[in-house]
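Shown next, in structure tokens, is the structure this report addresses.
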Amino acid sequence: MTAIAHVAIDSSQFPENVRRDLWQSLRRRRVNHKFHYDSVRQAQKWLALHQACSPTRNDADCRRIYEQGFEAVAEKIKAKRVHVLGLGCGGGQKDTRLLKRLKARNREIFYAPCDVSAAMVLVARRTALAVLPEKHCFPLVCDLATADDLSGLFDSRAAPHASRVLTFFGMIPNFEPQDILPKLTALMRRRDFLLVSANLAPGSSYAAGVKKVLPQYDNGLTRDWLMTFFLDLGVERRDGELKFSIEAGRSGLKRIVARFHFHRPRRIQIENQAFHLRTGHSVRLFFSYRYTPERVQKMLAEHDLEVCNRWIGMSEEEGVFLCRKRVLRQGRREA
């Protein structure tokens, strides 16, 4: 591995656009999730949280459903060259396990780790280089929610004559479905595969299942990670209280929400912009939708993504879904 990493940065993460998104977050009092991964310190805190609390790190059965998904994709792909697009790659651990499966079947593998955080992209790159050469790794810093031309962005960095697998692990819960799924559908080609994971509400009662998993979010590591955003802006812990609750979202879905409730006024200055948060104001720092397998499939189908197979953990708290793009409603097929 060389001492220099070549990373492409999309304009969606240029300083002026990041500043715009930050101002918008503070004006609306709804923090864009990308600002929880913005700095190296935040990325490190998230990785520590993931290591300690992620089911894929601590639950052998949860790891099993991912391995089953990876094996299914590796078996379905017959092409000699495969390009994996890791959308919201995080630390790249799951993507690298998929790369290993493909490599074991004598496929020539390529990888594009994509994340809003440069620190995360670099971690994913380092992880993946254990199984592929540097010339086959194309790191990209990009905001999937605001990038103008995702298809062109990835096509320009694609390995020629390669089948594509898109991964979207741990991301759907933190987006409004109607905002992110059309982007995924537009990005996919007819013969592409998509592996997506979703956090689920266990049991026969959706509402009771969401309530059951609420304590998993309210812990010291999560609080420390989320509060880093505010602490870096000059807010003090004693300025208010971070509370977790369950709220109704869109399309009949429920989500777990973290809000910071201000007990005293606080002024935040960013360059020439001042934001005044008064006593009684609350700011939404985070949300995570919980689904059921049926809700995931219905949601994907509404955006022309057909579930070919699915794997649900024994705890019923996590699922992996293998998807293809459906024929367009007008009856035309995509190239």
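Here is how the numbers come out for the structure above:
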{"read-out": "Conditions (1) modelled with pLDDT under 95; (2) within 24 Å of Lys45 (Cα to Cα); (3) of a type outside the set (A, V, I, L, M, F, W, C); (4) surrounded by 13 or more Cβ atoms within 10 Å (Cβ to Cβ): number failed by Ser197", "value": "(1)"}
{"read-out": "Hey, Arg238 farther than 20 Å from Tyr37 by Cα, out of contact with any helix residue (DSSP H, G or I) (no Cβ under 6 Å at 6 or more places or on another chain) and assigned to a helix (DSSP H, G or I) or not", "value": "yes"}
{"read-out": "Gln13 being over 15 Å from Asp224 (Cβ atoms), among the polar types (S, T, N, Q) and surrounded by fewer than 16 Cβ atoms within 10 Å (Cβ to Cβ)", "value": "no"}
{"read-out": "Members of the stretch 294-318 found to be under 21 Å from Lys183 (Cα atoms) and not in a loop (DSSP other than H, G, I, E, B), listed by number", "value": "Arg295, Val296, Gln297, Lys298, Met299, Leu300, Ala301, Leu305, Glu306, Val307, Cys308"}
{"read-out": "Which numbered condition Leu85 fails, given (1) outside the structural domain of Asp143 (by TED's automatic domain parsing); (2) touching a residue at least 24 places away in the same chain (Cβ under 8 Å); (3) surrounded by 16 or more Cβ atoms within 10 Å (Cβ to Cβ); (4) farther than 20 Å from Leu221 by Cα", "value": "(1)"}
{"read-out": "Among (1) over 22 Å from Trp46 (Cα atoms); (2) surrounded by 22 or more Cβ atoms within 10 Å (Cβ to Cβ) - the single one Gly92 does not satisfy", "value": "(1)"}
{"read-out": "Residue under evaluation Ile180, criteria (1) assigned to a helix (DSSP H, G or I); (2) over 29 Å from Glu16 (Cβ atoms); (3) aliphatic (A, V, I, L, M); (4) assigned by TED's automatic domain parsing to the domain that holds Ala145, criterion not met", "value": "(2)"}
{"read-out": "Answer residue from the stretch 126-173, given it is part of a strand (DSSP E or B) and of a type in the set (A, V, I, L, M) and is farthest from Lys76 (Cα to Cα) among those", "value": "Val141"}
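The values are calculated or read from the model by the stated rules, or taken from the named source; none is laboratory data. The structure presented is a predicted model; accordingly, all values stated were derived computationally and were not measured. Using ideal geometry, Cβ is built from the backbone for each residue, glycine included, and neighbour counts are taken over all protein chains shown.
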